[in-house]
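Reading through the structure tokens given below for one structure.
All of the numbers you see were taken from the coordinates with simple rules; none came from a lab. All figures in this text were calculated on a predicted structure; none of them were measured in a lab. Here the Cβ positions follow ideal geometry from the backbone for every residue, glycine too, while neighbour counts run over all protein chains shown.
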């Protein structure tokens, strides 16, 4: 009776172990990619929430000229005083709720749209400044690709 492995038995063991190693490597690669994607989504949600928080501290419409839309001549990010000033703005690198630039996220950006909507049908966009309801949309981009979009509504509570 012979002891030990034959060449065929050794080849079969190598194939079985090799298949197992390849499967484990694919699993690790998939886990790493999922982790990277979730990290990017977490960053994007955070950046959208920064604009949301910033908008909560702004008036619904310009305090001195409520019919005007967008920033006035000479207005900059530092002195935006109403939500409509954010319409059409893109911040690259992005900003935080205190209006500070996040230089460590230079390949990210926040693109903002402010639209008037019908307060009875909030999916219906109407001419700018014609209602007391607005929808703010923030698209967060990484290297020019949209990663996350957030929408919320604001209402003018002044009579």
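Give the angle, between 0 and 90 degrees and rounded to the nearest 10, that separates the Cα long axis of helix 7-56 from the longest principal axis of the Cα atoms of the chain.
So the inclination is approximately 10 degrees.
Compute the distance in nm between two label points, each set 7 Å from the Cα along the Cα-to-Cβ direction, one at residue 22 and one at residue 65.
According to this spin-label approximation, the distance is 6.9 nm.
Order of 47, 141 from fewest to most other C-beta atoms within 10 Å?
Neighbour counts put them in this order, fewest first: 141, 47.
Can you work out D for the chain in µm² s⁻¹ from Stokes-Einstein, where Rh is the Kirkwood radius over C-alpha pairs, the temperature is 20 °C and the viscosity is 1.002 mPa s?
112 µm²/s
Which whole-angstrom value gives the distance between the alpha carbon centres of the range 62-111 and the range 1-60?
Answer, in whole Å: 38.
Sorted by average packing, counted as other Cβ atoms within 10 angstrom per residue and highest first, what order do 9-19, 67-77 take?
Descending packing order for the listed peptides: 67-77, 9-19.
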